[in-house]
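Any read-out appearing in this document is the output of simple, stated calculations on the displayed coordinates, not a laboratory observation. These figures come from a predicted structure and were not determined experimentally. In this analysis, Cβ positions are derived from the backbone assuming ideal geometry, glycine residues included, and neighbour counts consider all displayed protein chains.
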Amino acid sequence: MNWQGWIFMFIVWGLVGCLFFYAFYHILSGERIRNKKIQNKRKKGSKG
Amino acid sequence: MTGNNKRERWKTKIGLVLAMSGNAIGLGNFLRFPGKAAENGGGAFMIPYFIAFILMAIPIMWLEWTQGRFGGMRGHGTTPGMFQSMWKSRVAKYVGVIGIFIPTVIVVYYTYIGSWTLGYSIYSLLDLLPKVDQSALHPGMSPQEISVFILKPFDDFRSGYTGIVSGEFLKVQLFTYFIFIAVLILSVWLLARGISRGIEILAKIAMPMLFVIAIILVIRVFTLGHPVSGDYGPLDGLAFLWEPKWFIERNGQQVFVLLDPKTWLEAAGQIFFTLSLGFGAIQCYASYLYRDEDVVLTGLATTSANEFAEVILGGSLAIPAAAAFFGIAAAQVIASQGSFYLGFTSIPAVFGFLPAGHFLGALWFFLLFLAALTSIVAMAQPMIAFLEDEIGFTRRQASIVLGIFWFLSSHICIYLRGGWQVMDFWAGTFGPPLLALIEVILMMWIFGGDKIWKEMHRGAALPVPRFFYYTAKYITPVFLGIILLTWFYQNIAVPVVRGSFLRAALEGVEMGWAVWTTRLFLVFLFGGLCVMVYLAWRGREAPE
């Protein structure tokens with residue numbers, strides 16, 4: 001593959017990859033925080 | 001119908017993201033994209049592809065998510081109700097019929113095509129696909145020789161599996177029919193289980209599995225080395241796909257690829273097809289969101305998952321595998337023969353040369369089946385939602401009614417020559433840009449750009465750059481208008497001027513009564529849906 005091909009491929013892969021990991025990182029971390037909140041509520045509920 | 005508090009909801013956000021990704025990721029990601037990119041300038045094709053992605057796909061995607069959530073809060077899971085909620089006109093709900101017509105027609109033929117992948121997977125697993133003659137392949141074979149000596153048995157097998165033309169009919173094997181029925185029953189069963197217990201669970205299992213299988217196959221393809229000749233390997237396939245070709249040959253003339261309208265139309269068409277925009281399915285899934293649930297980041301996540309599957313995984317499988325065994329010239333010929341030739345003829349032949357190739361072939365077709373199944377349930381869901389929300393059926397009743405219609409109408413695709421091509425032409429090619437144009441005008445101009453912008457940002461995890469507001473309002477409709485006008489010019493105006501409109505095979509298949517029967521079916525279906533909308537709204541006091 002010539003250098004133009006490598007550049008095109010890495011730019012596109014980089015953009016798509018970054019978008020993918022950025023979006024899923026935020027979705028999954030948001031989900032984890034939500035689950036923790038639910039667990040804490042349940043713990044408090046069982047204590048009360 | 002307003003304020004339906006009993007409306008089902010997605011159980012988890014990741015389940016929603018995976019289900020939406022499953023809706024978008026289909027056969028097109030692994031079969032259509034590599035062929036289109038290779039045909040239209042390789043790396044150069046990615047320029048119009050990404051411009052269409054930013055100026056058209058992302059704004060439409062966010063608008064569809066927002067419209068879906070907006071409609072869902074008012075008890076509407078489909079576009080007739082959503083359009084009526086946003087546009088206080090008596091015709092709004094009838095315009096919205098397009099949004100149930102498109103997915104319902106697509107699901108009819110897509111289920112049949114999707115069932116081929118499962119059938120092929122079983123054939124491959126049992127090692128019943130044609131055998132390759134290991135000694136027949138040698139370096140320096142021309143594309144024609146490869147087609148005749150290597151690929152022909154696989155092509156004949158495909159014709160036998162998908163139906164041999166006999167007059168206006170297709171002769172289909174019993175096994176093909178049996179597998180189709182199995183896929184249909186599985187889909188109806190999943191739909192009858194509902195959003196969180198059916199579609200969400202399917203997505204949580206199928207989507208990770210799809211990514212894992214795709215990664216395994218990509219690794220296998222790139223560890224092939226130079227199986228036939230030191231002159232070509234999988235990296236040459238990547239080069240074929242990614243090296244920008246600024247000048248390509250079209251109709252015997254060299255054209256600059258970025259100034260050729262066809263390249264732009266192909267790029268925009270691919271973006272539409274791959275993200276399932278203008279299908280009415282995104283709105284339907286989004287209608288099961290909670291009122292303040294984010295649509296911006298979640299929408300972006302599903303879009304990025306689709307692009308990951310298409311550009312990174314899809315681009316690294318079929319073409320590099322074909323190039324590794326058959327060379328660049330033959331890969332080019334294979335890509336130009338279309339998606340089915342690439343996926344169902346060339347890839348099984350490639351795997352046939354490898355140890356445990358039948359197992360790899362089974363994985364490849366199972367990957368395609370997972371992609372197809374998650375899209376099938378997404379396309380069927382709008383009709384289920386329509387029957388539930390507007391007609392008042394229970395989910396079980398809606399699933400049974402749709403299942404019966406689905407079963408009966410699929411016979412047009414199975415047994416009539418050109419049946420599924422006609423459906424694909426009107427519902428899969430012409431319909432989505434039309435619906436998307438209507439949606440954008442409705443939301444940005446009739447309902448109000450500022451109102452929809454505010455609605456989009458409710459519960460949003462990140463702000464949408466203002467750039468997209470102006471893009472959605474001015475650029476996206478113009479872009480869509482150009483696509484539709486070009487389509488109209490090429491497919492309607494030119495045949496009319498030539499005096500061959502009624503005789504012209506618009507859908508790319510030879511004319512005959514089978515084509516007219518399918519067209520008539522589509523007209524009756526659209527009319528029937530309009531009548532159902534009329535009956536559903538009759539007696540409602542006033543449009544919401």
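Observations on the model:
- Listed pairs A:Lys41/B:Lys6; B:Lys13/B:Lys36; A:Lys36/B:Lys13; A:Lys37/B:Lys11; A:Lys36/B:Lys11; B:Lys88/B:Lys473 exceeding 23 Å between Cα atoms: A:Lys41/B:Lys6; B:Lys13/B:Lys36
- Couplings 3J(HN,Hα) of segment B:286-292, computed from phi: 5, 6, 9, 8, 6, 4, 9 Hz, in residue order, whole Hz [Karplus 6.51 cos²θ - 1.76 cosθ + 1.60, θ = phi - 60°; x for Gly and Pro].
- Taking amide H as placed 1.01 Å from N in the peptide plane, B:Phe393 has its amide H under 5 Å from the amide H of B:Glu388, each at least 5 places away in sequence or on another chain.
- Restricting segment B:82-119 to trypsin sites (Lys or Arg not before Pro) in coil, as DSSP defines it, with at most 12 other Cβ within 10 Å: B:Lys88, B:Arg90
- Listed by chain and number, the aspartates and glutamates placed with their C-alpha closer than 15 angstrom to that of B:Lys204 are A:Glu31; residues fewer than eight positions away on the same chain are left out.
- Near-label residues of segment B:150-174 by backbone N, under 20 Å of a point 7 Å along Cα→Cβ of B:Trp516: B:166-170
- When chain B is described by a simple charge dipole with +1 on each Lys and Arg Cβ and -1 on each Asp and Glu Cβ, the residue from B:Gly338, B:Asn29, B:Pro463 located farthest towards its positive end is B:Pro463.
- For the peptides B:344-356, B:155-167, the ranking by mean Cβ contacts within 10 Å, running from highest to lowest, is B:344-356, B:155-167.
- Extension gain from B:Phe488 to B:Thr429, taking 0.36 nm per residue of separation minus the Cα-Cα distance: 20.1 nm
- Phi angles of segment B:35-41 translate, via the Karplus equation with coefficients 6.51, -1.76, 1.60 and θ = phi - 60°, into HN-Hα couplings of x, 5, 5, 5, 6, 10, x Hz per residue; Gly and Pro are given as x.
- Across the alpha-carbon atoms of segment B:395-544, the computed radius of gyration and Dmax are 20.1, 55 angstrom.
- Residue-averaged [θ]222 nm for chain B, counting only DSSP H segments that reach four residues, each worth -39500 (n - 2.57): -19000 deg cm²/dmol
- Table column - 3J(HN,Hα) (Hz), segment B:231-237, Karplus curve with 6.51, -1.76, 1.60, x for Gly and Pro: 7, 9, x, x, 5, 5, x
- FRET E, pair A:Phe21, B:Asp292, Förster distance 30 Å, beta-carbon r, rounded to 0.05: 0.70
- FRET efficiency estimate (nearest 0.05) - Cβ-Cβ, A:Ile38 to B:Ile205, R0 30 angstrom: 0.85
- Extension gain, B:Arg538 back to B:Lys451 (0.36 nm per residue minus Cα-Cα distance, nm): 28.4 nm
- Near the amide H of B:Phe169, within less than 5 Å, lie the amide hydrogens of B:Arg417, all on another chain or at least 5 residues away, with H placed in the peptide plane.
- The charge dipole of chain B, taken about its Cα centre with unit charges on the Cβ atoms of Lys, Arg (+1), Asp and Glu (-1) only, comes to about 1520 debye.
- Annotation note: trypsin sites (Lys or Arg not before Pro) in segment B:422-468 located in DSSP loop regions with a Cβ neighbour count of at most 12 within 10 Å are B:Arg466.
- Extension gain (nm, one decimal) between B:Trp246 and B:Tyr470, 0.36 nm per residue minus Cα-Cα: 77.6 nm
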